[in-house]
Ligand code: HEC
Ligand code: HEC
Ligand code: HEC
């Protein structure tokens with residue numbers, strides 16, 4: 001405080017002596033930047049974000065290239081084979097010994113024991129086939145052959161290189177005019193093996209799709225098998241209960257007497273279906 005009071009009169013005195021007031025000095029330079037602060041402490045972790053949306057589906061792939069052309073087929077042969085399988089309209093039995101005629105041309109063939117009529121070397125083309133067989137009537141207690149009945153197939157195309165094999169059903173009797181219940185019931189005089197065979201066939205030559213596996217009735221055809229005992233030995237009675245063709249199968253199965261019908265030959269049933277020497 002004391003110093004200022006002294007200095008002031010000195011400066012004023014100098015100015016009064018030296019002349020005009022000087023220009024102000026240029027401003028000083030900016031100071032140097034300060035030092036960086038120390039790092040802060042870490043913040044808390046944020047909440048997880050919401051899931052992103054599913055991507056859009058990719059575009060479809062391009063179509064594949066076309067395959068190579070197949071090989072040239074064999075030249076067609078002009079002849080072919082036709083097999084007509086003639087069956088009973090109602091029972092489905094194979095019908096043996098019936099004549100079948102092809103139209104046009106008039107070629108004819110007779111059905112074999114499996115109900116097949118075979119036409120070999122038939123020129124390819126459109127055909128229809130007419131089969132003829134005796135009808136069946138009940139005369140007394142016996143199913144008896146009567147007037148001939150016929151059935152004609154649709155026009156069918158017989159092409160080269162493939163056997164045409166088709167089924168034709170012929171109506172030999174009218175089930176509505178026969179008493180099928182009595183015919184299948186053991187207490188009636190009409191319950192006879194000859195009658196069974198007239199309508200159902202002897203069954204021993206039946207075929208299945210795999211010729212190596214015969215259907216039940218033709219099993220063991222050459223080895224004393226199922227056709228070597230008669231129908232009523234196994235079918236003691238058939239008793240077609242209820243509506244015809246409806247529950248008959250189930251009823252029939254109950255009536256095959258296994259002890260009587262099967263054990264005669266298959267002595268080790270149910271452990272084995274062996275027969276005779278096979279069982280030793
Ligand atoms: C060795 C015993 C046996 C003899 C013999 C036998 N059957 Fe059968 N039959 C059976 C058995 C078992 C079945 C059941 C088979 C099935 O359901 O697959 C059957 C099924 C049937 C059926 C119904 C299913 C079908 O395959 O059509 C008919 C119809 C039939 N037999 C008729 C006959 C006639 C007709 C005879 C005589 C020519 C005969 N059976 C002889 C045992 C026999
Ligand atoms: C007039 C012709 C005729 C006579 C005779 C006849 N049947 Fe039938 N039988 C039929 C017809 C048709 C059926 C019905 C077939 C069907 O509905 O699938 C049938 C059905 C059967 C069935 C049941 C088939 C099944 O699918 O369950 C057996 C088993 C059978 N007959 C055995 C015999 C036996 C055994 C005899 C001799 C005692 C005999 N039949 C006599 C025409 C006959
Ligand atoms: C008259 C004798 C006889 C009677 C009865 C008999 N079978 Fe057979 N069965 C045979 C003969 C024979 C074969 C054929 C065996 C062979 O060729 O190897 C056979 C084959 C079979 C087979 C085929 C076995 C196999 O291994 O391929 C079966 C399943 C069968 N019989 C079931 C029956 C049933 C079920 C009955 C009763 C409804 C019956 N059999 C009644 C003689 C009979």
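Coordinate-derived values only; no laboratory data. These figures come from a predicted structure and were not determined experimentally. Here the Cβ is made from the backbone with ideal geometry for all residues, glycine too, and neighbour counts use every protein chain on show.
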> In what sequence, highest mean first, do 178-189, 59-70 appear when ranked by Cβ atoms within 10 angstrom?
Replying inline: 178-189, 59-70
> In what sequence, highest mean first, do 226-234, 85-93, 149-157 appear when ranked by Cβ atoms within 10 angstrom?
Replying inline: 85-93, 226-234, 149-157
>> Please report the spacing between the Cα centers of region 202-232 and region 143-164 in Å, no decimals.
In response: 25 Å
